[in-house]
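If you scroll down you'll find the structure; I have some questions about it.
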Amino acid sequence: MTTRLFHISDVHFGIENRAALDSVARAIADEQPDLLVCTGDLTQRAKHSEYAAAADWFASLGVPVWIDPGNHDMPYYSPIERFTDPYRRYRRLKEAVSVEAFETDDIVLLPLRTTVPAQKRWPWSDGVITAIALAEAHERLAPFGGDERHVVITAHHPLHGPSVEGPNATIGGDAAFASLAQAGMNAVLSGHIHKPFNDFRGDGGARAQVIGAGTLSRRLRHGAPPSYNVLTCKKGADEIEVELRELPHTVR
């Protein structure tokens, strides 16, 4: 037996690509994956109307859903809320549509928050891994040290740069990747850059698979079309099998 996940990211309700979402919904109905994972940027401006559209779509799919917050999921037009309770709207969506935990005989998912309401650089879109967020991830990871299943961290921002030698836009990402891999993480799911990828990073005890989903919005980048990943996970396998499904550029 294996576990199959659909991995999407950066839907950006408000500027979503409805044709792409319809394609994903049809595939989910036909194939019934064990879980749909969305690694953040659920909305474009964190408006109540955008969160309502997201809630309707996720609830209509008929399969368990796992979501992470992205940098676009904190209020843009309500600065008081952004700095006093930035995840309130996200929490409401999570409570309505998302599972709190997910594990099977093949895989365990654990979240890592990479978003902050403000930071010392501009723009505020790239990731920051705070000491608190990393400590919480390690606490979740601790019971699974030595587990033969795929122990997977989910986050909005990649924990690594675009190349081994290149700069890392996620503050604290390199250190977080190394420490989590040494503690038992063997894969990371993320989004943010609107371009899919599947690679291995690190070496020795700090090596892990890194998997990124593209976008299902109209914000296409890097020449990449709308896309999503289908992940096949089998206990004891060296890696998660990743099928990239690219969609037509049709926008509706």
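Select from the range 64-92 the residues that are of a type in the set (Val, Ile, Thr) and open to solvent by less than 20 Å² (accessible area, probe 1.4 Å) and write down the one among them that is nearest to Ala25 (Cα to Cα).
Per the stated criteria, the residue is Val65.
Determine, yes or no, whether His72 is in contact (Cβ under 8 Å) with a residue 60 or more places away in the chain, closer than 18 Å to Cys233 by Cβ and either of a type in the set (Asp, Glu) or out of contact with any Pro (no Cβ under 6 Å at 6 or more places or on another chain) (or both).
Here the answer is no, as His72 does not meet what is asked.
OK, next. If only one of Ala142, Ala175, Ala181 is of a type in the set (A, V, I, L, M, F, W, C), more than 16 Å from the chain's Cα centre (by Cα) and over 21 Å from Arg201 (Cβ atoms), which one is it?
Ala142
Going through the range 134-146 one residue at a time, which ones are open to solvent by 10 Å² or more (accessible area, probe 1.4 Å), modelled with pLDDT of 95 or more and either not in a helix (DSSP H, G or I) or not basic (Lys, Arg) (or both)?
Leu134, Ala135, Glu136, His138, Glu139, Ala142, Pro143, Phe144
Another one. I'm told Tyr76 meets every condition in (1) in a loop (DSSP other than H, G, I, E, B); (2) at pLDDT 95 or above; (3) among the aromatic types (Phe, Trp, Tyr) except one. Can you identify the failing condition by its number?
Only one criterion is unmet by Tyr76, namely (2).
Go through (1) touching a residue at least 40 places away in the same chain (Cβ under 8 Å); (2) among the hydrophobic types (A, V, I, L, M, F, W, C); (3) assigned to a loop (DSSP other than H, G, I, E, B) for Leu189 and report which single condition fails.
In the conditions (1) touching a residue at least 40 places away in the same chain (Cβ under 8 Å); (2) among the hydrophobic types (A, V, I, L, M, F, W, C); (3) assigned to a loop (DSSP other than H, G, I, E, B), Leu189 misses (3) alone.
A follow-up question, please. Going through the range 222-237 one residue at a time, which ones are at pLDDT below 95 and open to solvent by 80 Å² or more (accessible area, probe 1.4 Å)?
Result: His222, single match.
Another question, then. Please go through the range 28-52 and give me each residue that is touching a residue at least 24 places away in the same chain (Cβ under 8 Å), open to solvent by 10 Å² or more (accessible area, probe 1.4 Å), over 24 Å from Trp124 (Cβ atoms) and part of a helix (DSSP H, G or I), ordered by number.
Result: Ala29, Glu31.
Additional query: Does the range 3-26 include one or more residues that are open to solvent by less than 10 Å² (accessible area, probe 1.4 Å) and without any contact (Cβ under 8 Å) to a residue 40 or more places away in the chain?
Checked against the condition, which is being open to solvent by less than 10 Å² (accessible area, probe 1.4 Å) and without any contact (Cβ under 8 Å) to a residue 40 or more places away in the chain, the range 3-26 yields no hits at all.
Also, quick follow-up: Any residue in the range 217-228 that is part of a loop (DSSP other than H, G, I, E, B), touching a residue at least 60 places away in the same chain (Cβ under 8 Å) and not charged (D, E, K, R)?
yes
The values are calculated or read from the model by the stated rules, or taken from the named source; none is laboratory data. None of these values were measured; they are calculated from a predicted model. Note that we place each Cβ from the backbone using ideal geometry, even for glycine, and neighbour counts take in every protein chain shown. Heads up: the accessible areas ignore ligands, DNA and RNA and are worked out on the full protein's heavy atoms, side chains in. Shrake-Rupley method; radii C 1.70, N 1.55, O 1.52, S 1.80 Å.
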